1. Would you mind computing, in nm to one decimal, how far apart the modelled labels at Glu447 and Asp203 are, each placed 7 Å from Cα along Cα→Cβ?
2. Between Ser383 and Asp90, what is 0.36 nm times their sequence separation minus the Cα-Cα distance? Round to one decimal in nm.
3. Provide the packing ranking of 212-225, 110-123, 82-95, i.e. peptides ordered by the mean count of other C-beta atoms within 10 Å per residue, highest first.
4. Fewest Cβ neighbours within 10 Å first, please rank Trp205, Trp126 accordingly.
5. Assuming 0.36 nm per residue, please report the length gained on full extension of the stretch Tyr143 to Asp51 beyond their Cα-Cα distance.
6. Evaluate the stretch 72-218: find the radius of gyration of its Cα atoms, find its Kirkwood radius, and give the ratio Rg to Rh.
7. May I ask you to sort Tyr145, Tyr206 by Cβ crowding, counting other Cβ atoms within 10 Å and putting the fewest first?
8. Is there a pair in Lys220/Lys399; Lys172/Lys210; Lys137/Lys210; Lys246/Lys327 whose C-alpha atoms are over 20 Å apart, and which pairs would that be?
Amino acid sequence: MAKQQTTSKPAAKKSTKVSNEIRLDAKNPIPFDGGRAFSFVNNTEYLPFLDGKDDFGQQLLECRILSATHNRCVVSKANYCAGDGFMDTDGNELPTELTDWLASMNMKNEAATELTRRMLEDIFTWGNVPIEIVRFKSAGKKYVYVYVHNFLEWRLGKPDEDDIVQYAIQSKLFLRNQRSLTPDEISRSKKLPLYNPRKNKKDNWYQDDKGVERTLIWLKNSVSGFSQYGLPSAIASMIYQLLEYKGARYNLDNFDNNMVVSALLAIKGNISQTEADRIGKKAIQTHTGDGKRGRVMVVASEEGIEGSDLHTFDTQKEGSFKDSDDKWMQKIILANEWDAVLAGIQSASTMGKGSGFLTKIIEHINRTVILPAQKKLMTTVWSHIFTIAGEWMDWDLKKFNLAIKSNIDISGLTDVDITPAVTVDEVREAKGLPRDGGERGKKYLGELKVNQQQKKGGDNVQD
């Protein structure tokens, strides 16, 4: 009996595809938290970001980058909320060792202000920010480093029996949306415990062979219905972010591939295939490229030439999407809890309302958005970082009431006279001017105002 031989083709290698095209499910554009969908990496279970495909993080980033309005809202909000470093609300001067540490907090030489801005930018983009804290000793000296990581490389671990996540893992795998790791990728993957002051101190830290200890603070924007991962505050405008990009892309396609013809000339006569091909190539050359809008297209048929006809078309289509684009922009700004003025979008009507109107906008946003964001960041992130640094570096930071220093120009806010509450140096700094530095700089504006009035009154008496 002859043996039956079979052959099989080797499996083709799958190439990595990179695309800037966003595809959203029209019926379910924002996936809901599946709750118990786990995947494996390095024999460790983790939670995909909202759905099994685990690509929602990339979609959020793409929507932000491709939407000019949303990107501007995210960047401007982060810059406003990041403030200008830290201060003691009681007015005490911060120690030199603390200010030196805040000026360079890791091996990337990133200052605390830059880390704060990145935390805010990422929380507005993804709603999740992994923040790693590293502490170690070297040559008898203690160090504490802080790193703000790319969320796309991190995933939360499987919750325990109490539905509490105790760890998170990091791998470049998540950037490629694959489900298996090479040995090299496994060796470079990282699993860190999530920091919780309620846990045992040893359970909060992972220590490697060199004695370096690491922990992770997971900052998130909690949204009802999503128990583990957070979502960005502007998630409700995700579809409008995509539409804003689609409108611009529609116009770009028209400019690059202009087949919006203004007229069609039908020549009804016999024509060869070669001649038809020549006319077709000529039509493409005529209607595509810069400076070729509204051209007349000529085609031929097999009927008599006496039946030739000219058909004109209305080329005034809504290619600009101006009205729709304005509505999408307004909805994106609204979902971001922001204002067009602070995003740098100022219309003629807005400028005509005067500085008082603009001041009221800044005052309202400062009270309802900026200050709450700064307070949340201090409570959930920086207070833990300062506690860890103080205990490890033997710094007495408990006597300071640390807070993020605002970069809002306070001199124009509120209808209340603030001159008795601000010094000359504070106002000069808010206006972007160098501090006076002398005794005059430490004086309150109200005090100077009284002195000037008294001096003026004395001069009048002498006269």
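1. Label-label distance for Glu447 and Asp203, simple model: 5.3 nm.
2. Values: separation 293, 0.36 × 293 = 105.48 nm, distance 1.65 nm.
Result for the pair: 103.8 nm of gain on full extension.
3. Values: 212-225: 17.1, 110-123: 20.6, 82-95: 14.6.
Going from most to least packed, we get 110-123, 212-225, 82-95.
4. Trp205, Trp126
5. That pair, Tyr143 and Asp51, stretches by 29.2 nm at full extension.
6. 1.00
7. If I rank by nearby Cβ atoms, fewest first, I get Tyr206, Tyr145.
8. From the list (Lys220/Lys399; Lys172/Lys210; Lys137/Lys210; Lys246/Lys327), the Cα-Cα distance tops 20 Å for Lys220/Lys399; Lys172/Lys210.
No value in this document is a laboratory result; all are computed from the given coordinates. Worth saying up front: this structure is predicted, and the values here are computed from it rather than measured. Neighbour counts run over all protein chains shown; Cβ positions are idealised from the backbone, glycine included.
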